[in-house]
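> Could you have a look at this structure, given as structure tokens, before my questions?
The values are calculated or read from the model by the stated rules, or taken from the named source; none is laboratory data. No experiment lies behind these values; they were computed from the predicted model shown. We place every Cβ from the backbone using ideal geometry, glycine too, and count neighbours over all the protein chains shown.
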Amino acid sequence: MNNRNKNTKKLFLKLIKIFLLYFFVVTTIATQYLAYKVKYNKVLGGIRIIKTNHKIYFPLAYPFWEKQYGISNPKIFKYINNYYYGSFFIFLIVVMFILKKKNEVTVHGTARWATQKEMKKMDLYQPTGVVLGLDPNGKIMHDNSDKHVFMEAPSRGGKGINTVNPTAYDWIDSVVFNDIKGELWEKTSGYRKNVLGQKVFMFCPVDDEGISCQYNPLDGIAIGTLFETEDISVVTQTLIDTEGKGESDHWISSAMNLLNGVIMHIKYAIPGASLVDVANFIMPSDISFVDVIADILGVPREDEADETGVAVRAGDSDEDIDTDEKGEMIYPSKGYAAFDHLKYFEDKELFKKIYNYKGSKTDIECKLHPTVAKEFMSFLSTPDKERGSILSTAQQKLKIFLDPLIAKHIRKSDFTIKQLMDEKCSLYLVTPPRSISRTKPLLRLIFTQIVYGLTDRMKFNMKAKKDKSFFEKIKEIFNKYGKKAKNFFYTTSSKGKNSLLLLIDEFASLEKLGIIEQAMNYIAGYRIKCLLIAQSLKQFRKIYGKDNNILDNCSIQIHLTPNDEDTPKMISDMFDTYTEKIVTHSSKGFELMPTRTTSYVPRKLMTAGEVRTLPYEEILVMMTGQNPIRGKKLFYYLDKRYMNKELPPPETSDFNEELNNKQLPKEWIIIEKEKQENMEETILKLTELMNNTDKNNYEDLAIKRTNYFVKNFVLKDTKKNNRNKHNIFEEGVDEIKNIVKELEENEFDELYS
């Protein structure tokens with residue numbers, strides 16, 4: 001009540017000021033006009049304007065003149081008074097209207113649509129950014145802030161023509177598109193490549209036309225560092241826990257733990273490993289998975305009663321195996337039979353430094369990765385029935401990576417996650433509708449790795465500012481105007497630094513992405529902006545729940561006409577109420593004057609029914625802390641501003657042939673494990689046969705030796721993460737290089753692929 005009195009007092013003071021100003025202006029005009037009509041009579045006095053016949057008078061003289069000379073010239077004063085006092089009457093009516101408007105009953109709320117002035121204050125008239133649609137006057141609304149945007153649009157509701165496609169043209173920084181049908185690639189990649197000058201990557205894991213680039217999600221795992229466990233956990237959680245159940249689901253959490261160990265083993269065992277290697281490892285075809293991990297741990301297999309098999313597989317002969325006084329088996333490789341995960345690392349103390357690992361009975365040298373040892377041993381000690389369910393859960397989630405078409409696209413990487421922020425890039429994640437279920441795990445993983453990989457610890461410059469010299473100040477001025485000149489000729493980001501937009505269409509179809517939901521609180525601080533699109537609020541809340549962190553952090557929401565039963569009510573509930581005045585008339589019998597009753601009731605700005613029948617051409621835009629906007633839909637293909645932007649797409653995605661060379665400075669020669677022991681012996685035998693044969697058989701033996709070499713030696717580039725300070729090397733490379741040199745020098749030897 002006190003606030004209302006204060007506001008009323010302020011209004012009256014404001015009206016008094018306006019009245020005084022109005023009185024001054026009107027009286028001045030009346031004064032000058034009267035003097036003009038009486039031809040600047042000397043009786044009135046006044047000051048003559050130089051070189052003219054006109055005079056100026058005291059502004060408020062008219063009321064005094066009327067009192068003094070009104071009787072002598074009533075006709076002129078009557079004429080002027082009609083306008084003079086009439087204007088005050090009009091002013092009084094306006095004031096009464098304002099007071100009446102101000103005193104309207106607002107007990108139930110004052111909700112209303114945003115005005116043009118308010119939309120301008122919202123900073124929605126930027127030249128670039130996320131396209132929200134058109135305002136009521138037909139102007140394009142762009143959001144170029146750090147606010148996240150959520151869009152609710154049913155199928156065929158116009159999300160593409162209003163927001164998605166125009167944003168692909170008007171967002172000038174890096175962007176990642178969830179391009180379900182490849183339509184955005186076809187229509188916008190040419191513009192983003194040729195006009196915006198960006199690298200455009202199209203990743204379609206089921207592409208069979210050679211257009212798609214490749215991406216290996218395991219390339220971002222920084223093995224040999226303190227980050228490796230966290231990096232792997234992100235992968236396993238995204239692949240296994242698709243519903244966000246976490247530790248509350250025993251099978252899910254157990255499968256995640258197992259997969260943590262598997263990926264850790266594969267990354268150390270196979271340079272350049274991919275999820276194809278992980279899937280093949282966890283689903284072996286010629287041996288049980290339990291026996292595979294038993295061999296890695298250096299313990300007896302499931303059907304073995306003692307360690308004889310362990311000794312034999314480690315290279316010991318039957319003659320080497322014996323028993324000690326306590327009856328325990330002893331053999332040369334005892335304590336050394338576990339897998340050597342440090343084979344390719346110079347630092348043989350790595351696990352001791354990172355994990356404070358002290359080894360075990362089967363791993364005296366501490367070369368078995370402690371995470372692998374822990375997870376695999378935990379799995380082996382689990383009862384058979386439970387073990388089978390855990391393994392089945394993990395295998396089911398990894399089956400898609402055995403698809404040869406998908407496997408082909410995830411063996412190496414043509415782009416890195418860090419590159420998306422360091423350079424202006426456009427990444428199109430294309431999936432044909434028929435393959436959505438097959439590729440869903442991979443797309444989920446990519447989006448999760450983007451958020452995780454680009455939200456490292458922030459660094460702040462807390463150094464005290466130093467006084468700049470005269471020359472430094474001059475240089476700063478030149479740089480400032482140089483940037484202005486550059487911005488005049490070229491389209492650049494208004495924010496200065498590159499930012500990344502995650503435009504995720506059909507967001508709900510990716511199932512629950514727990515890491516992204518958690519990250520919505522802070523990713524804006526890393527210059528990552530989200531535009532999330534769902535078919536309905538009902539669909540979205542079904543996956544993320546009514547109280548979710550995503551909608552809470554989307555300060556801007558766009559709603560198109562919904563076509564389900566629940567969404568209209570959900571949208572209506574977001575609107576505030578205003579006070580509606582209802583006047584009813586009633587009469588009894590033959591009363592000439594009916595009774596008039598006035599009541600005030602609350603009313604939503606839009607009811608559920610009005611939302612449901614929202615015209616196709618209109619949109620609703622809501623921004624936190626602002627009045628909602630009832631705008632118009634942008635039909636971009638009819639708008640002249642977009643008509644010439646649709647350029648032919650590139651024939652293929654951009655590729656990065658130098659990426660592996662930059663990341664992998666050393667060439668690796670990897671020997672197949674099962675043939676490592678006898679390979680050198682076989683080559684030496686073939687060489688001896690070549691030296692002891694005639695010329696007719698020499699060439700055949702040379703080709704045979706070459707083919708054997710090519711078949712059993714695979715040249716690969718291995719990846720070195722920028723956080724990995726450990727040099728990786730292959731033991732025995734020098735000896736193998738000598739054989740290669742010998743093959744190259746022999747005139748009959750030619751390498752056959």
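> Would you kindly identify the helices (runs of 4 or more DSSP H) lying entirely within the stretch 33-128 that contain at least 1 residues that are modelled with pLDDT under 85 and among the aromatic types (Phe, Trp, Tyr)?
Details: elements: 62-69, 74-102, 116-121.
In the stretch 33-128, 62-69, 74-102 are the helices (runs of 4 or more DSSP H) which contain 1 or more residues that are modelled with pLDDT under 85 and among the aromatic types (Phe, Trp, Tyr).
> Follow-up. Among the listed residues LYS326, LYS334, identify the single one that is in a loop (DSSP other than H, G, I, E, B), out of contact with any Pro (no Cβ under 7 Å at 6 or more places or on another chain) and modelled with pLDDT under 85.
Working: LYS334 fails: modelled with pLDDT under 85.
The conditions single out LYS326.
> At pLDDT 95 or above and either in a helix (DSSP H, G or I) or hydroxyl-bearing (Ser, Thr, Tyr) (or both), is that true of ILE266? Give the steps one after another, and end with the answer.
Working: at pLDDT 95 or above: yes; either in a helix (DSSP H, G or I) or hydroxyl-bearing (Ser, Thr, Tyr) (or both): yes.
So ILE266 fits the description; yes.
> If I ask for residues that are over 14 Å from the mean Cα position of the chain (by Cα) and at pLDDT 85 or above, which ones from the stretch 486-536 would you list?
To start, the set of residues in the stretch 486-536 that are over 14 Å from the mean Cα position of the chain (by Cα) comprises 486-497, 508-509, 511-512, 534-536.
Listed by number, the residues that qualify are ALA508, SER509, GLU511, LYS512, ALA534, GLN535, SER536.
> Mind checking whether some residue in the stretch 407-414 is in a helix (DSSP H, G or I), within 37 Å of the chain's Cα centre (by Cα) and not polar (S, T, N, Q)? Spell out how you get there, then give the answer.
Taking the stretch 407-414 first, the residues in a helix (DSSP H, G or I) are 407-408.
Checking which are within 37 Å of the chain's Cα centre (by Cα) leaves us with 407-408.
Still in the list and also not polar (S, T, N, Q): 407-408.
Looking through the stretch 407-414, at least one residue is in a helix (DSSP H, G or I), within 37 Å of the chain's Cα centre (by Cα) and not polar (S, T, N, Q).
> While we're looking at this one, here's another question. Among the residues of the stretch 128-139, what is the count of those that are crowded, with 20+ Cβ neighbours inside 10 Å and over 19 Å from TYR616 (Cβ atoms)? Spell out the reasoning first.
Quick first cut of the stretch 128-139, residues crowded, with 20+ Cβ neighbours inside 10 Å only: 129-135.
Subset that is over 19 Å from TYR616 (Cβ atoms): 129-130.
Count: 2.
> Residues that are closer than 27 Å to TYR544 by Cβ and in the same structural domain as SER253 (by TED's automatic domain parsing): find the strands (runs of 3 or more DSSP E) completely inside the stretch 132-235 holding 1 or more of those. Walk me through how you get there before you give the answer.
Numbers: elements: 140-143, 149-152, 174-179, 199-203.
Passing ranges: none, list empty.
> Conditions: (1) closer than 19 Å to ASN257 by Cα; (2) in contact (Cβ under 8 Å) with a residue 24 or more places away in the chain; (3) not hydroxyl-bearing (Ser, Thr, Tyr). GLU307 meets all but one. Number of the miss?
(1)
> Something else now. Given the conditions (1) under 21 Å from ASN194 (Cα atoms); (2) at pLDDT 95 or above, and given that LYS633 satisfies all but one, which numbered condition is not satisfied?
Here LYS633 clears every test but (1).
> Give all pairs with beta carbons closer than 9 Å in which a residue from the stretch 509-522 that is within 19 Å of GLN539 (Cα to Cα) meets a residue that is surrounded by fewer than 19 Cβ atoms within 10 Å (Cβ to Cβ) and among the acidic types (Asp, Glu); count only pairs at least 6 apart in sequence or on separate chains.
Listed pairs, sorted by first residue: GLU511/GLU243; LYS512/GLU243.
> Among the residues of the stretch 193-216, is any closer than 25 Å to VAL372 by Cβ, crowded, with 20+ Cβ neighbours inside 10 Å and touching a helix residue (DSSP H, G or I) at 6+ places or on another chain (Cβ under 8 Å)? I'd like the intermediate steps shown before the answer.
The initial filter retains those residues of the stretch 193-216 that are closer than 25 Å to VAL372 by Cβ, namely 216.
Those still in the list that are crowded, with 20+ Cβ neighbours inside 10 Å too: none.
No, the stretch 193-216 contains no residue that is closer than 25 Å to VAL372 by Cβ, crowded, with 20+ Cβ neighbours inside 10 Å and touching a helix residue (DSSP H, G or I) at 6+ places or on another chain (Cβ under 8 Å).
> Also: Exactly one of (1) surrounded by fewer than 24 Cβ atoms within 10 Å (Cβ to Cβ); (2) in contact (Cβ under 8 Å) with a residue 40 or more places away in the chain is unmet by HIS142. Its number?
Unmet for HIS142, out of (1) surrounded by fewer than 24 Cβ atoms within 10 Å (Cβ to Cβ); (2) in contact (Cβ under 8 Å) with a residue 40 or more places away in the chain: (2).
> Of all residues in the stretch 216-252, which are in contact with an Asp or Glu (Cβ under 7 Å, 6 or more places away or on another chain) and over 20 Å from THR382 (Cβ atoms)?
GLY220, ILE221, ALA222, THR242, GLU243
> Right, here's the next one. Is it the case that some residue within the stretch 345-355 is touching a His at 6+ places or on another chain (Cβ under 8 Å) and part of a helix (DSSP H, G or I)? Walk me through how you get there before you give the answer.
At the first step, the residues of the stretch 345-355 found to be touching a His at 6+ places or on another chain (Cβ under 8 Å) are 345-347, 350-351.
With the extra rule that they be part of a helix (DSSP H, G or I), the set shrinks to 350-351.
Scanning the stretch 345-355 turns up at least one residue that is touching a His at 6+ places or on another chain (Cβ under 8 Å) and part of a helix (DSSP H, G or I).
> Go over the candidates LYS385, LYS399, LYS374, LYS367 one by one and state the one that is under 17 Å from LYS267 (Cα atoms) and either in contact with a strand residue (DSSP E or B) (Cβ under 6 Å, 6 or more places away or on another chain) or at pLDDT below 95 (or both).
LYS367
> If you go through the stretch 14-27 one residue at a time, do you hit one that is within 19 Å of ILE76 (Cα to Cα), assigned by TED's automatic domain parsing to the domain that holds MET96, at pLDDT 75 or above and surrounded by 15 or more Cβ atoms within 10 Å (Cβ to Cβ)?
Here is the first cut: in the stretch 14-27, the residues within 19 Å of ILE76 (Cα to Cα) are 26-27.
The next check asks that each one be assigned by TED's automatic domain parsing to the domain that holds MET96; those that pass are 26-27.
Filter again for at pLDDT 75 or above, leaving 26-27.
Narrowing the set further to residues that are surrounded by 15 or more Cβ atoms within 10 Å (Cβ to Cβ) leaves 26-27.
Yes, there is a match, as at least one residue in the stretch 14-27 is within 19 Å of ILE76 (Cα to Cα), assigned by TED's automatic domain parsing to the domain that holds MET96, at pLDDT 75 or above and surrounded by 15 or more Cβ atoms within 10 Å (Cβ to Cβ).
For (1) buried (at least 16 other Cβ atoms within 10 Å of the Cβ); (2) hydrophobic (A, V, I, L, M, F, W, C); (3) in a helix (DSSP H, G or I); (4) in contact (Cβ under 8 Å) with a residue 24 or more places away in the chain, each residue gets a yes or a no:
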{"position": "PRO271", "(1), (2), (3), (4)": "yes, no, no, yes"}
{"position": "ASP277", "(1), (2), (3), (4)": "yes, no, yes, no"}
{"position": "PRO284", "(1), (2), (3), (4)": "no, no, no, no"}
{"position": "VAL299", "(1), (2), (3), (4)": "yes, yes, no, yes"}
{"position": "ALA311", "(1), (2), (3), (4)": "yes, yes, yes, yes"}
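> Return the residues of the stretch 329-353 that are in contact with a helix residue (DSSP H, G or I) (Cβ under 8 Å, 6 or more places away or on another chain) and crowded, with 16+ Cβ neighbours inside 10 Å; say none if nothing qualifies.
TYR331, SER333, LYS334, ALA337, ALA338, PHE339, HIS341, LEU342, TYR344, PHE351
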